[in-house]
Amino acid sequence: MNIEIIFFSVVGILVLAAAGYFLLVFLKGSIKIQLPKISYVPGDVVKGTVRLHAKQIIEANEFIVCLVAKQVTKTRDSDGKRTTQESEIYRDGILLEGPMQYSKNSIKDYFFELKMPDSDNPVMVKPKAPQSIALDLVKLFVGRGECQLVWSVEASLDAKGVDLFSTKRIYLK
């Protein structure tokens with residue numbers, strides 16, 4: 001009985017903490033990434049706009065936008081249990097703004113251009129599951145793996161208190 005009370009108390013505290021964090025972020029402001037298209041080929045330039053809406057005064061250290069690739073590997077074991085492993089394999093970004101104070105209820109747009117790597121860049125090759133003899137043997141005997149390269153544009157405002165962040169998925173043809 002006491003364990004159940006402790007368990008539900010801890011879960012309740014965690015839920016309240018998460019709700020409080022998201023409320024703080026919502027009250028502070030928002031970032032929106034706007035892209036004219038979401039599908040690209042190697043060597044393309046990803047152009048877009050990042051809109052920062054400061055609902056409160058924000059003391060910012062830096063505002064950056066990045067092009068990011070993550071290798072996502074999904075496996076299933078013999079019991080049918082799925083696991084997902086994610087590792088960042090590419091990140092290139094630009095500084096939109098250095099230290100800055102944004103005034104309450106201000107909206108500011110930033111234009112950006114980020115170049116996709118060329119097709120001869122190793123990161124542009126379709127990823128393979130991590131290669132190790134042990135992992136290959138495990139896959140052979142207990143399950144199969146599926147690997148995917150996931151691209152996105154990320155914008156983040158490093159600020160006093162709660163940071164603001166946004167991401168938008170893009171696709172590689």
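Readers should treat all values here as calculations from the given coordinates under stated rules, not as data from a laboratory. Everything quoted here is computed from the prediction, not taken from an experiment. Please note: Cβ atoms are built from the backbone with ideal geometry, for glycine as well, and neighbour counts cover all protein chains shown.
Taking amide H positions as modeled 1.01 Å from N, with prolines and chain starts lacking one, the residues under 5 Å from Leu172 and 5 or more places away or on another chain are Tyr40. With K and R counted +1 and D and E -1, the other residues having a Cβ less than 11 Å from that of Lys32 yield a net charge of +1.
Annotation: extensible slack from Lys37 through Lys74 equals 10.6 nm (criterion: 0.36 nm per residue apart, minus Cα-Cα distance). Residues whose amide H comes within less than 5 Å of that of Gly48, counting only those at least five positions distant or on another chain, are Phe112 (H built at 1.01 Å from N in the peptide plane).
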